[in-house]
Structure formats: C-alpha cells, structure tokens
Amino acid sequence: MLKGCRMLKNEGAVGLAKKVYKRICKNSITYNEWFYKNYPTAHEIEKQRKFKFEYNPLVSVIVPVYNTPLKFLREMVESLENQTYSKWELCIANGSEDNVDLINELKRFNEKDSRIKYVTLKENKGIAGNTNEALKLASGDYVALLDHDDVLNVEALFRMVEAMQPGGIDVLYSDEDFLSGDGKSHIFPILKPDYSEDLLCSHNYITHFFVAKRKIVEEIGGFRSIYDGAQDYDLIFRCVEHAKTVKHVPRILYHWRMHEASVAGDPDSKKYAYDAG
C-alpha cells in the first residue's frame with residue numbers, strides 16, 4: 001500500500017498506470033495462445049467420440065455457397081467431418097451454376113460422405129433464397145447455421161447436443177471468435193451473456209453458432225429475402241419469439257473467418273447488411 005502511494009507520488013497517475021500495465025502484460029498470454037492451450041486434447045476428443053447421449057438428435061447444418069474459394073470451402077467441410085458428434089448432415093445450396101470447379105468439389109464431397117448433400121441452383125436467389133434451398137435438403141431435428149467460409153470447433157455439435165439433454169431445447173447459441181484468413185490465428189473472442197431480449201433488440205449479439213429446432217424454422221417460413229444481409233438476425237428474432245426455451249452455451253464453438261470480402265474482415269464490404277439490419 002505504502003509502496004503504491006510512493007509510486008503514485010513519484011510517477012503520477014499516468015506513469016503508475018503504465019508501470020502496472022507493463023507488469024500485467026509481462027505475465028499475460030495472447031488470446032491465440034490461450035485458445036490453443038485450452039483446445040480439447042486428443043484424449044478429450046476421443047472420449048467425446050465414444051460418448052453416448054440419451055438424446056441423439058440429427059443436426060442439419062445448412063450452408064449457402066456462392067463462388068466460394070475452394071480452400072475455404074474445403075476447410076468448412078473438414079470442420080464438419082472432424083466433429084466429435086457424428087449424427088449430422090451438411091446441406092449445401094450452390095448459387096454459382098457456372099463455377100465448374102466448385103460443382104466438381106461438391107460432387108466429390110458427396111461421393112466421399114453421404115451425409116453431405118448439395119444442390120446446384122439454376123439461378124442465384126440471393127443469400128436468403130439460397131439458404132432456403134439448403135433448408136429444403138434438411139431432414140434433421142435441428143437446423144444449424146454455418147457460413148461457407150467459416151469453420152466450427154471440433155466439439156461444436158457435441159457441446160450443443162450436450163446442452164440439449166435430456167430432451168431438447170428449442171434454440172441454442174454459443175460464443176465465437178474471429179479467424180485469420182490463413183486459418184492460423186484466432187483473435188477477438190466474443191463472450192456472450194445468457195439470453196437477453198433487450199440486448200438482441202439493440203443488435204444481433206447471438207450471430208454464431210445458432211441452432212434451432214427445424215420445426216420452428218419451417219413454421220416461421222424460413223428466411224426472408226427482404227432482409228438479405230441481415231437474414232440471420234431476422235430469423236433469430238422470429239425463432240426466439242416461437243421458442244419456449246433459449247439456451248446459451250458458454251463455449252467458443254464458431255470461428256468467423258476474416259478476409260477482404262467478409263464483414264468480419266471489412267465491415268464496409270457489405271454495407272447493405274447494415275441497412276437490412
């Protein structure tokens with residue numbers, strides 16, 4: 001106490017603050033270091049793969065794609081294939097009918113794993129319209145939203161299904177972070193509160209990873225093109241209005257990729273999204 005008073009007298013408030021900050025930083029680690037330090041171990045991953053839940057719903061992950069860079073597409077699909085919870089299906093609607101390389105890649109995914117379904121549309125219907133086409137492929141108890149250039153944590157579906165026990169929750173969402181374009185660095189974790197209607201009315205704090213009962217998503221009519229760019233926000237509002245239970249899973253399960261064409265990398269890349277919001 002006396003030492004702190006002497007430092008305050010000699011250094012001033014700003015000088016003292018700088019010294020304290022340096023001392024804190026000296027003993028701290030970056031978020032990226034923390035992320036990998038706390039990533040599930042090989043033993044934990046294997047334990048999750050063998051775990052048997054009492055309630056085992058099929059989760060339909062729906063993804064609209066449009067001229068997606070193949071590297072990002074592959075990493076997105078791999079993040080599903082690596083999930084420790086295996087009862088899932090990936091439903092992809094491709095709005096880029098002239099992209100032969102992308103079509104061939106989707107065909108290869110399907111031939112390798114029958115859980116991966118896709119349809120190539122005759123025309124690009126926009127983000128909401130394309131997502132609705134992906135939704136038509138879904139047969140699961142739950143629908144989960146995933147962007148074409150993002151990836152899921154290896155335990156994403158396991159933790160969501162774990163939170164549903166013993167008999168199901170209407171709507172769930174998790175924490176998330178940002179992923180560098182090369183996929184090597186995790187930054188800016190977004191740690192969310194439990195469900196807050198007031199906060200949701202101020203901005204879409206839920207965003208990713210969003211999971212809802214397919215019955216609810218279909219009853220509300222799916223996505224609406226009038227809100228393209230903020231179609232997920234609109235859907236989330238309507239889902240929680242029809243939900244009896246909304247649960248926050250306090251784990252970072254979704255990695256939002258940052259690159260020049262993404263809102264995560266450049267908020268000005270899609271200003272229409274803010275207008276729609």
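Annotations
- In segment 89-159, the GluC sites (Glu not before Pro) that fall in loop regions by DSSP, at most 16 other Cβ within 10 Å: Glu97, Glu123
- Loop sites in segment 128-191: trypsin sites (Lys or Arg not before Pro), DSSP, at most 15 other Cβ within 10 Å: Lys184
- Inter-probe distance in nm under a simple model that places probes 7 Å from Cα toward Cβ, at Thr30 and Ser202: 3.1 nm
- The trypsin sites (Lys or Arg not before Pro) of segment 47-114 that DSSP puts in a loop, and whose beta carbon has at most 13 other beta carbons within 10 Å, are Lys52.
- Interchain or long-range residues, amide H under 5 Å from Lys247's placed H: Val171, Leu172, Tyr173
- Counting only protein chain heavy atoms and rolling a 1.4 Å probe, the accessible areas of His148, His43, His255, His203 rank, largest first, as His43, His203, His148, His255.
- Principal axis analysis of the Cα atoms in segment 134-204 yields extents of 37, 33, 24 Å, listed in decreasing size.
- Using θ = phi - 60° and Karplus 6.51 cos²θ - 1.76 cosθ + 1.60, couplings along segment 175-192 (whole Hz; Gly, Pro as x): 7, 8, 9, 9, 10, 5, x, 7, x, 9, 10, 9, 9, 6, x, 10, 9, 9
- Gyration tensor (Cα) of segment 89-149, equivalent ellipsoid semi-axes in angstrom: 17, 16, 9
- Centre separation in Å (Cα based) which lies between segment 172-251 and segment 51-87: 17 Å
- J(HN,Hα) series, segment 51-61, from Karplus relation 6.51 cos²θ - 1.76 cosθ + 1.60, nearest Hz, glycine and proline x: 5, 10, 7, 5, 10, 10, x, 7, 10, 9, 8
The values are calculated or read from the model by the stated rules, or taken from the named source; none is laboratory data. Quantities reported herein were computed from a predicted structural model and do not represent experimental measurements. Here the Cβ is made from the backbone with ideal geometry for all residues, glycine too, and neighbour counts use every protein chain on show. All accessible areas refer to the heavy atoms of the entire protein, side chains included, with ligands and DNA or RNA removed. Shrake-Rupley method; radii C 1.70, N 1.55, O 1.52, S 1.80 Å.
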